[in-house]
Amino acid sequence: MINRRTHLYLALFLLPWFLLYGISSIPFSHGQYFEELDKAKKLPLYTKVEERLNYAMPPTEDLKAFGDQIVKDTNLSGNYGAYRQGPNRIDVYIYTFWQSMQVKCFLDERRILVEKRRFRWDHFLTGMHAKGGFEQGGVSDAWAVLVDLTSVGMLLWVLTGLIMWWRIPSTRKWGWVALAAGFLTFALFIARL
Amino acid sequence: MSSVPAPSWSKLTRRAHLYLALFLTPWVLLYALSTLVMNHKARPATPPSWELVSQRTYNGIFPPSAKAKEIAAQLLISLELDGAHRVTQTSDGLIQIQRQAATAPLRITFTPATFDLKIERQLVSTTAWLETMHRRRGFQHPYLLDDAWAFSVDLFIAGVLFWSLSGLWLWWELKSTRILGAVVLAAGIGLFTYFLRVL
């Protein structure tokens, strides 16, 4: 009884996440198709929002601090990360589920260019799929806890599912066939891929 | 002569839910464990370590004006390592081939000026292996085996969607669980909606 109820209620609570990971895996698995579809629209992915000249560039030794300052100066909000693109260029990406911005920082020119990424449903889904980790703090960390919970939930579904299967003797034979076929197929992939 | 009663829709759904889950158990374990690993990964990630397998001079010839991709394809065939790979060329001309492999990925570095050929094997930890397999998907490689894996990933996606929908159906059939189930489902949707609004 406890086993069945754990399987059921955990699944009901985590259903939105499970559906998210299922649906968002489609654009990951068929990325080329979605890229072609978008290319046919002939729309630029990024549009310029603002450009600042003679910008007092923050120190570049610490990329985290650099990103902090850029985000503060541009009044943008969301999770962000700063990435060095070359000796004279650092880009800061600011991300929320619904909007993505990038700030290109041309260090030698003391110029920053703020660009907005056009909304795309496939990017929205893959962005949510890829969101995780405990670096950003706040609500982002709470999301990461739910990512962990979904993973643990999947492990528990396997465990409770196996117990439920074993308690239905009439399904054991074909169950063994399905389980063995799955592990054999998987093992072949690992050996040959 | 007694006739066997046709299985009900409910029983068919239960059996499909069960057997599909049993078949896809290794994929469920892979994605669950790899997600845990990736969610707790140290950032920036530590670069992978490589061990030298061999270093020698390549004694083949390439067509005139062969591009990096063509050189890589020829090298892999002559080394009997043909398979899914990525090619990059550095600014000083080095051609680097990342030969994907589930258990031992290889890095092959070719210097066009000297025909020097270096093969290195990646030292793969369990966590790195899980992440690599998690990210392996898509039909972009011209190899049947990779397409078969991509198909298995698609089957897993179909499984996730089917388990979600059939699970809802199976829950609704258990009348005694409807009220508490609805509360739990609403709580999950509510929390998810909150994240959608603030993140």
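Test B:Ala72 against the criterion of being outside any strand (DSSP E or B), under 30 Å from A:Pro169 (Cβ atoms) and either open to solvent by less than 70 Å² (accessible area, probe 1.4 Å) or not assigned by TED's automatic domain parsing to the domain that holds B:Trp149 (or both), and give yes or no. Break it down into steps so the answer makes sense when it comes.
Values: outside any strand (DSSP E or B): yes; under 30 Å from A:Pro169 (Cβ atoms): no; either open to solvent by less than 70 Å² (accessible area, probe 1.4 Å) or not assigned by TED's automatic domain parsing to the domain that holds B:Trp149 (or both): yes.
It is false that B:Ala72 is outside any strand (DSSP E or B), under 30 Å from A:Pro169 (Cβ atoms) and either open to solvent by less than 70 Å² (accessible area, probe 1.4 Å) or not assigned by TED's automatic domain parsing to the domain that holds B:Trp149 (or both).
Checked against the criteria, B:Ala148 does not count as at pLDDT 95 or above and not assigned by TED's automatic domain parsing to the domain that holds B:Asp82. Of all residues in the stretch A:42-86, those satisfying the criterion of being open to solvent by 60 Å² or more (accessible area, probe 1.4 Å), under 25 Å from the mean Cα position of the chain (by Cα), among the polar types (S, T, N, Q) and over 21 Å from A:Phe134 (Cβ atoms) are A:Thr47, A:Gln69, A:Asn75, A:Gln85.
Residues that are open to solvent by 100 Å² or more (accessible area, probe 1.4 Å) and not polar (S, T, N, Q) within the stretch B:57-69 comprise B:Ile61, B:Pro64, B:Lys67, B:Lys69, listed in sequence order. Here is a check on your reading of the model: is A:Phe106 open to solvent by less than 60 Å² (accessible area, probe 1.4 Å) and over 30 Å from A:Thr6 (Cα atoms)? Judged against the criteria, A:Phe106 is a match. Restricting to the stretch B:27-64, what's the tally of residues that are assigned to a strand (DSSP E or B) and within 25 Å of B:Trp149 (Cβ to Cβ)? Looking only at that region, the number is 2.
Please tell me if B:Gly83 is surrounded by 13 or more Cβ atoms within 10 Å (Cβ to Cβ), within 14 Å of chain A (Cβ to nearest Cβ) and more than 25 Å from B:Ala32 (Cα to Cα). Before the answer, list the steps.
Details: surrounded by 13 or more Cβ atoms within 10 Å (Cβ to Cβ): yes; within 14 Å of chain A (Cβ to nearest Cβ): yes; more than 25 Å from B:Ala32 (Cα to Cα): yes.
The answer is yes for B:Gly83.
Residues that are modelled with pLDDT of 90 or more and under 27 Å from A:Gly153 (Cα atoms): does the stretch B:39-59 have at least one? Taking every residue of the stretch B:39-59 in turn, at least one turns out to be modelled with pLDDT of 90 or more and under 27 Å from A:Gly153 (Cα atoms). Here A:Glu115 qualifies as surrounded by 13 or more Cβ atoms within 10 Å (Cβ to Cβ) and under 22 Å from the mean Cα position of the chain (by Cα).
Put simply, of A:Leu14, A:Leu8 the only residue that is within 14 Å of chain B (Cβ to nearest Cβ), buried (at least 16 other Cβ atoms within 10 Å of the Cβ) and touching a residue at least 60 places away in the same chain (Cβ under 8 Å) is A:Leu14. Across the stretch B:138-197, the qualifying residues are those that are of a type in the set (D, E, K, R) and under 30 Å from B:Ala102 (Cα atoms), and the one among them that is least open to solvent (accessible area, probe 1.4 Å) is B:Asp146.
Which one is farthest from the chain's Cα centre (by Cα) among residues in the stretch A:154-175 that are hydroxyl-bearing (Ser, Thr, Tyr) and more than 9 Å from chain B (Cβ to nearest Cβ)?
Filtering the stretch A:154-175 down to residues hydroxyl-bearing (Ser, Thr, Tyr) leaves A:160, A:170-171.
After this cut, where a residue has to be more than 9 Å from chain B (Cβ to nearest Cβ) as well, the list is A:160, A:170.
Working: A:Thr160: 28, A:Ser170: 41 Å.
It comes out as A:Ser170.
Restricted to the stretch B:18-56, and to residues there that are of a type in the set (A, V, I, L, M) and either within 26 Å of B:Leu81 (Cβ to Cβ) or more than 7 Å from every other protein chain (Cβ to nearest Cβ) (or both), the residue that is most open to solvent (accessible area, probe 1.4 Å) is B:Leu52.
Among the strands (runs of 3 or more DSSP E) contained in the stretch A:29-128, which hold 3 or more residues that are at pLDDT 90 or above?
On the way: elements: A:46-52, A:79-86, A:89-95, A:100-106, A:111-117.
The strands (runs of 3 or more DSSP E) meeting that bar are A:46-52, A:89-95, A:100-106, A:111-117.
Any residue that is part of a helix (DSSP H, G or I), closer than 26 Å to B:Asp147 by Cβ and at pLDDT below 95 - is there at least one of those in the stretch A:130-153? For the stretch A:130-153, residues part of a helix (DSSP H, G or I), closer than 26 Å to B:Asp147 by Cβ and at pLDDT below 95: present. For the stretch B:132-153, filtered to residues that are more than 9 Å from chain A (Cβ to nearest Cβ) and under 8 Å from the mean Cα position of the chain (by Cα), the residue that is farthest from B:Leu76 (Cα to Cα) is B:His134.
The residue that is nearest to A:Leu10 (Cα to Cα), counting only those in the stretch A:130-153 that are open to solvent by 20 Å² or more (accessible area, probe 1.4 Å) and within 7 Å of chain B (Cβ to nearest Cβ), is A:Asp148. Considering only residues that are modelled with pLDDT under 95 and at the interface with chain B (Cβ under 7 Å from one of its Cβ atoms), which ones fall in the stretch A:176-193? Answer for the stretch A:176-193, where residues must be modelled with pLDDT under 95 and at the interface with chain B (Cβ under 7 Å from one of its Cβ atoms): A:Phe189, A:Ile190, A:Arg192, A:Leu193. If I filter the stretch B:166-187 for residues that are facing chain A (nearest Cβ under 7 Å) and touching a residue at least 12 places away in the same chain (Cβ under 8 Å), do I get at least one hit? Within the stretch B:166-187, one or more residues are facing chain A (nearest Cβ under 7 Å) and touching a residue at least 12 places away in the same chain (Cβ under 8 Å).
The values are calculated or read from the model by the stated rules, or taken from the named source; none is laboratory data. This structure is a prediction, so every number in the text was calculated from the model and none was measured. Glycine gets a Cβ as well: all are built from the backbone with ideal geometry, and neighbour counts include every protein chain shown. Accessible surface areas use protein heavy atoms only, side chains included; no ligands, DNA or RNA. Shrake-Rupley method; radii C 1.70, N 1.55, O 1.52, S 1.80 Å.
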